[in-house]
Each structure stands twice: as structure tokens, then as C-alpha cells.
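Structure first, commentary second.
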């Protein structure tokens, strides 16, 4: 199931080959590009290397600070002032801060370059035509995904569409051109990729994943009409359904389930001592998992650099289930004083009650609320001493779930004037949570009223999964007004803080890159 993500030979080969031209002395042991891209196995290893990029710190860790902690659902009181400034307070002075720019910028471009090498070299390989088409489709999808994230985080970025060379000085492209490239890659991927896989290939990008990402790209541009068709293709494929148990989407024991449209495969390497896949000289013992959990875990169990706001809890409490109970998604989404509805004396935090760990006075503000979905506390993989969360979590990240697809489709239907048709797709998501159908409790909503309700539905279904920043940006809700529930937004400057600054070191070496407005 996960074996293909831990074959890093191609990554090593590619790394050596990419450096060769800048060396005066040829390493006789280095495999060159001309020697490597010869067989179908080489093509497979090259594609596997693209997936391995997700284990780099920028993608498995700092991505979530940028999408959750920077958004109004999260915050940071980290002892590292750069973490607070970059991800929570919108006061950025160090444009080269490594956790943002070595990660969010550098690691996404690392993935782009790996994808480009597959797209440049695999077409010339004499191999099975069906597999070749699949591998190229995977590379197109993954390049689109890396550029999607670069577009969300930085806006206008260079479009590097060929294998990188030291002499490249690729200019900045407008965000509209980046979106256009994402669309092209997703369309190419959807045409080439299979609908599903079996055996150890489960987890590779599929036609459904490409269509869902295409729709996300259209939606971020407010092209809701264009997004309808790819979302319909996912829904009408009949391949996806909601899991009966909501929590199955966040457990290592229930990965690649019926709700998974695309998920990042993680695996536990018990011999690994690193926090990402970048350590030269340890290529056989790298991190194949996510290093996020210790940064989001509660005190005594992790660093607690990223925490959750308390206001979303009230969103879950606005309605009860049809049997009069609390929305069951709340206890899956957060660790807090009342994860168990009976309160801090019953709520278990890693085998101890909340009250015994933290007392009963920490229940009235944003302190002591933590995102739970991406932690390992339910997976039995947080080891002694003290059950401290681990840097190589094997729990997969479900990047696109079918529930998200259903809510996106409802949003697009509503935006294109088909509000009455949109109800049924929201109702599918609500039914799994035990809530009454929206078509019964709130019939006849106007287009604007339906969007307001849909914003609530996305909070209760998707909080703590890395979608909030994209949502706020798409809705035009990134404004200083969010300071009423997230104090960090008092510093938010419209027209500037929607994006991070381009790393200054990139501009220093490439004068064709332009800095973002306001920086």
C-alpha cells in the first residue's frame, strides 16, 4: 500500500545528476541523467521520488501552519518569535526565514523539479505505453498540486516547466498564468490517470484526484461554472462514498478508505532519527512520515507551537443531532477540556484526564484547545517516554476527501444559481454527522444565505485539515474584521498579507523574480 513512497533511489540519482554540471571533478560513482532514464523501472522510481517530496518539512509540517495557524482557526504562542510573526501576527521582517521559505517555497519547487524531470525524460523511454501514460499523468497532477500551493502561498511565482539548471533565471508569472498551468496539468492528468488502483499502487494519484484539484483551482478563481464538470465527474464515478465513522478519515488503521480522493501516504521508519527526507548520506534511513504531530500536540506531549482557537467549538454546538446529542465531529476535531461532553474530569488527554494534566481553570479562552485530526494519539504510535508525539508519523494526510468534494459541489451549484439543487449534497455530509437534513431545517435559503450556511458546514466538517485559508481567500473574507475572533488579524493589511513575501534570497540570485506588493 505504502511501499512505493519509500523508494528514494531516483531522488538520490536526480540530486546527484542535477549537481554534476557545476562540478569541475566528475564523481566516478555518480549515476548521470543519461545513464538513468532508460527503463520502465527508472520511470517508476522517478515518479516515486515526486511523492517522497511530501515528507519534506515544508509540506508535511509548515504547510499546516500556513493554512491553519495563519487562518482564523488557529494561532501560535511559540517561543520562536518568527513562528508567531509569520504564521499568526502578520508582522514579517525576515523574508528568508527558513521554516517559511526553505519549506513552503523551496520544498514545493523541489517537487516541481522532480515532476519536471519525469515529464522531460519519461516520454523517451521505450516501455509499456499504458504505464508510461500513467506515470506522466501522475507527474502532471503532482506538479499541479505543488503549483497550487505556491499560488495560494505566494501568488505570482516563476513557472519553471523544464528540469532546472543552475543558469535558469525564470521570471515571475502572474497568478492567473499559474492557475492556467495548474488547469492544463490537471486536465492532462485526468485524461491519463486510471480511476483506481490495486495492491501496492493504492495511493497514487487518480482521475478523481485530478478532477477534484482542477475544480479547486477553478473555484479559487471564482470560476464556479467551470468547476461543476470536474466535480460531477468525481461524484458520478460512483467510486467514492462517506465512511460511516467520521474518525476513520484520520486514523492510520483506516487509510485509503472509500472517502479518500487523494491522500499523502506516510509510513513509519523505526530506524529513522531525522525529521524529513533531506539528510544526505542517510538515503536508506530517511523519514517517510509526517513531522507535524509534535508541533501541534498539547503541552507535556509536544512543542505546542500551533494551537486551535476556541470559537469554532461554538459552531459545532449550534445544532444537536436528531437524537439530541452533540455533533460527534467536535470530539474528533479538537482536544480540549470537554472533548468528552462530561467535562475535564472525564476528557482523556493521552491516557490522563484533562483535569489532572492541566487543571480546570483553562476552559474559558483560546488556551488549551488543540487540533486533533493530524495527531497520533489515537493511532498508538506516540512512543515513551511520556507519549511524546513523533517526528515520523505514519498517519496519512487526506488532502482531498469526498465530503469536501460534496461541499465544493454544493458551493458551485449555489454560486451558479442552482441553490435548490445544492441542498442534497450538503445533506449527505450532515446525515453522516447525525444532523437533520438542511433541506428540512432551513428550506428556501437565498443564494447569500445558503453560502453563509455553507461556511458553517465547512467549519464543522473540515476544521483542522488545512483548508481554512483557501476558503477564506476564495470567499473574500481575509480582512482585519477577522480580528474579532483571531487577534492576529488586527495586523492584517489587505492587498499584502494574502500572500507571503517572496524569499529575498531568491530575488538576489534571480533578478527576474519580482517581490509581492507591500513587501
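The values are calculated or read from the model by the stated rules, or taken from the named source; none is laboratory data. Since we're looking at a predicted model, the values are computed, not measured. We place every Cβ from the backbone using ideal geometry, glycine too, and count neighbours over all the protein chains shown.
Tabulated data for the structure shown
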{"item": "Filter result (under 25 Å from residue 57 (Cα atoms) and more than 18 Å from the chain's Cα centre (by Cα)) within the range 249-269", "result": "253, 254, 268, 269"}
{"item": "Subset tally (residues that are surrounded by fewer than 24 Cβ atoms within 10 Å (Cβ to Cβ), at pLDDT 95 or above and assigned to a helix (DSSP H, G or I)) for the range 30-50", "result": "6"}
{"item": "Residue in the range 139-146 that is surrounded by fewer than 20 Cβ atoms within 10 Å (Cβ to Cβ) and either in contact (Cβ under 8 Å) with a residue 24 or more places away in the chain or outside any helix (DSSP H, G or I) (or both) present", "result": "no"}
{"item": "Test: residue in the range 130-138 that is part of a helix (DSSP H, G or I) and within 16 Å of residue 399 (Cβ to Cβ)", "result": "yes"}
{"item": "Which listed residue is part of a helix (DSSP H, G or I), surrounded by fewer than 23 Cβ atoms within 10 Å (Cβ to Cβ), within 22 Å of the chain's Cα centre (by Cα) and modelled with pLDDT under 95, from 86, 99, 116", "result": "99"}
{"item": "Residue count, the range 458-473 (criterion: in a loop (DSSP other than H, G, I, E, B) and in contact with a helix residue (DSSP H, G or I) (Cβ under 6 Å, 6 or more places away or on another chain))", "result": "3"}
{"item": "Enumeration of residues in the range 158-203 that are in contact (Cβ under 8 Å) with a residue 24 or more places away in the chain, farther than 19 Å from residue 265 by Cα, touching a helix residue (DSSP H, G or I) at 6+ places or on another chain (Cβ under 8 Å) and not in a helix (DSSP H, G or I)", "result": "160, 161, 162, 163, 164, 165, 166"}
{"item": "Odd one out for residue 279 among (1) out of contact with any strand residue (DSSP E or B) (no Cβ under 9 Å at 6 or more places or on another chain); (2) at pLDDT 90 or above", "result": "(2)"}
{"item": "Subset tally (residues that are in contact (Cβ under 8 Å) with a residue 60 or more places away in the chain and within 20 Å of residue 137 (Cβ to Cβ)) for the range 215-231", "result": "4"}
{"item": "Residues satisfying the stated conditions in the range 290-315, i.e. touching a helix residue (DSSP H, G or I) at 6+ places or on another chain (Cβ under 7 Å) and either modelled with pLDDT of 90 or more or crowded, with 18+ Cβ neighbours inside 10 Å (or both)", "result": "290, 291, 292, 295, 302, 303, 305, 306, 312, 313, 315"}
{"item": "Number of the exception - residue 338 against (1) in a helix (DSSP H, G or I); (2) under 28 Å from residue 437 (Cα atoms)", "result": "(1)"}
{"item": "The range 474-519: number of residues that are farther than 18 Å from residue 150 by Cβ, touching a residue at least 60 places away in the same chain (Cβ under 8 Å) and either out of contact with any strand residue (DSSP E or B) (no Cβ under 9 Å at 6 or more places or on another chain) or in a loop (DSSP other than H, G, I, E, B) (or both)", "result": "8"}
{"item": "Test: residue in the range 323-331 that is farther than 19 Å from residue 486 by Cβ, surrounded by fewer than 17 Cβ atoms within 10 Å (Cβ to Cβ) and either without any contact (Cβ under 8 Å) to a residue 60 or more places away in the chain or touching a strand residue (DSSP E or B) at 6+ places or on another chain (Cβ under 8 Å) (or both)", "result": "yes"}
